[in-house]
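Asks: Take this structure first; my questions come after.
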Amino acid sequence: MRIRSVETVYWKTRDDAPFWPHWTWLKVETDAGIFGVGETYPRNPVEAAMIHSIAPSLIGKDPRDIERIWADLYRTFDFQIAGGAEMRVLSALDLALWDLLGKSLNAPVYRLIGGKSNPQVRLYNTCFPYKYDFNKEPEKIMRELIETRGIHGIKIWPFDGAAARNRNEFITWQDIDEALVPVKKLRDGFGDEIEIAIECHAQWNLTAAIRIAHALEPYKPMWLEDMLMPGNYAQYHELAAATSAPLIVGERMGGKMQFESLLESRTPKYVEFDVTWCGGLTEARKIAALADANELPISPHTAGGPLLFYASTHLSTAMPNVWILESCQRFYEHDWPLMLENPIAPSNGNIQVPEESGFGMRIKPEAWNHPASIHKVTDQP
């Protein structure tokens, strides 16, 4: 089996299609007629161009040699300072190769990486814009999720408004009181029945982060996510020492070596990564193993495209140290049914991995060939 062609599909803006696209899809096709699909986001033209810059080196290779392809590309990228778009492109390619491997063996990917540690994977909801504003009516979101999906966890980012107003430099007590309103509504309305995760989008300096963390402690957050910019491990260690609220870090980080340094700092209580950013499934498995060696649970980030969720579900099904998996109500109720033949959705607070070969995600032809999408193919000369 040899790689015959590499194809990319993306949209210029999210407004170009009814399903809110902001990712690049990658298809790796072989001379055996088998293909695999990968995905990354959100710098689509850059990522697509870089994919085609490396595609000639992939043509003719056996796509099942996943570790060798990963290592060779990483060394190539590292010579040019690996990171950013390079790691995202490597992630997309890696996912396509795993999808292809599963299809070639007629097996779901989770079977190839260890089987079912978790037949059902517990979920929380990230509140992308949908029916209600989480700053104003978070209790309506939570109640609906409990009653219709059995989901008892929610992630909100009520401090982002203050970060924008104050240029990420400081936060006042008035800012904090305003941001705590939806947190109070959730805790007062549901008590300990729910988990509340606070996303901070790396918006704060250490001094502001400590002030925010102290204010949140009485509300027993599941975690405080990405309070500081990634890479500031000494400062993260100081933040962790200053609060009883647990920290989760890693969404924006790429490669196992960055995560090794993070774990050496003894900072997080949970480890987060995005399989379309961190180096794909190949690297995500190693990061999960590093977390496991440090007796820490993982919680993959999935607030991107649909393959990110499918691949993360396979990984979370197989790994033995999973705390909870991110999901987004808007995606599985509104967007994915418009683009996928077999969208998966939560039931009883959990997601169950599809049993189809590869990652099991089937894209509708009309979505792949959407008239507003931008296509390019690199094949054999």
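Asks: If the cut-off is a Cα-Cα distance under 27 Å, which lysines reach Lys269, setting aside same-chain residues fewer than 8 apart in sequence?
Replies: Lys116, Lys155, Lys184, Lys185, Lys220, Lys256, Lys286
Asks: Grab the other residues whose beta carbon is less than 13 angstrom from that of Leu206, score K and R as +1, D and E as -1, and report the net.
Replies: -1
Asks: Fewest Cβ neighbours within 10 Å first, please rank Trp368, Trp25 accordingly.
Replies: So the ranking, lowest neighbour count to highest, is Trp368, Trp25.
Asks: Could you line up Tyr130, Tyr236 from fewest to most neighbouring Cβ atoms inside 10 Å?
Replies: Fewest-to-most Cβ neighbours within 10 Å comes out as Tyr130, Tyr236.
Asks: Here's something else I'd like to know. Which whole-Hz ³J(HN,Hα) couplings does the stretch 320-331 yield from phi under the Karplus relation 6.51 cos²θ - 1.76 cosθ + 1.60, θ = phi - 60°, glycine and proline marked x?
Replies: Per-residue couplings from phi come out as x, 10, 9, 8, 6, 10, 6, 8, 9, 4, 4, 5 Hz.
Asks: Shifting gears a bit: Using Cβ counts within 10 Å as a stand-in for footprinting exposure, how do Thr313, Thr13, Thr126 rank, fewest first?
Replies: Thr13, Thr126, Thr313
Asks: Here is a follow-up. For the chain, with the dipole built from +1 on Lys and Arg beta-carbon atoms and -1 on Asp and Glu ones, taken about the Cα centre, which of Leu296, Ile69, Val271 lies farthest toward the positive end?
Replies: Ile69
Asks: Further question on the same structure: Compute the angle between helix 66-79 and the longest alpha-carbon principal axis of the chain, please, reported from 0 to 90 degrees and rounded to the nearest 10.
Replies: Computed tilt is about 70 degrees.
Asks: Let me ask another. Determine the dipole magnitude for the chain: charges of +1 sit on the beta-carbon of Lys and Arg, -1 on that of Asp and Glu, nothing else is charged, the reference point is the Cα centre, and the result goes in debye to the nearest 20.
Replies: For the chain, the charge dipole is close to 320 debye.
Asks: Sort the following peptides by mean Cβ neighbour count (other Cβ atoms within 10 Å, averaged over residues), highest first: 193-200, 333-340.
Replies: Answer by packing, highest mean first, reads 193-200, 333-340.
Asks: Remind me, relative contact order of the chain in percent, using alpha carbon pairs under 8 angstrom and six or more residues apart?
Replies: Once divided by the residue count of the chain, the mean separation gives 24 percent.
Asks: May I pose another question? Percent of Cα-Cα pairs per 5 Å bin, from 0 to the last occupied bin, for the stretch 111-351, please list those.
Replies: 1, 7, 14, 18, 20, 17, 13, 8, 2, 0, 0
Asks: Quick check: the distance between the Cα centres of the stretch 264-282 and the stretch 343-361, to the nearest angstrom?
Replies: Here the two parts' Cα centres lie 22 Å apart.
Asks: Something else: Helix 306-318: angle to the longest alpha-carbon principal axis of the chain, degrees 0 to 90, nearest 10?
Replies: 80 degrees
Asks: Ok, one more. Give a residue-ordered list of calculated ³J(HN,Hα) values for the stretch 24-29 (Karplus: 6.51 cos²θ - 1.76 cosθ + 1.60, θ = phi - 60°; whole Hz; x for Gly, Pro).
Replies: For the stretch 24-29, the Karplus curve yields 10, 9, 10, 10, 10, 10 Hz.
Asks: Let me ask something else. Given the stretch 50-158 reduced to its alpha-carbon atoms as identical point scatterers, what log10 I(q)/I(0) does the Debye formula return at q = 0.14 Å⁻¹?
Replies: Those come out to -0.81, one per q.
FYI, it's all coordinate maths here, none of it is from the lab. Because the structure is predicted, anything quoted here is derived from the model rather than measured. Cβ atoms come from the backbone with ideal geometry, glycine included; neighbour counts cover every protein chain shown.
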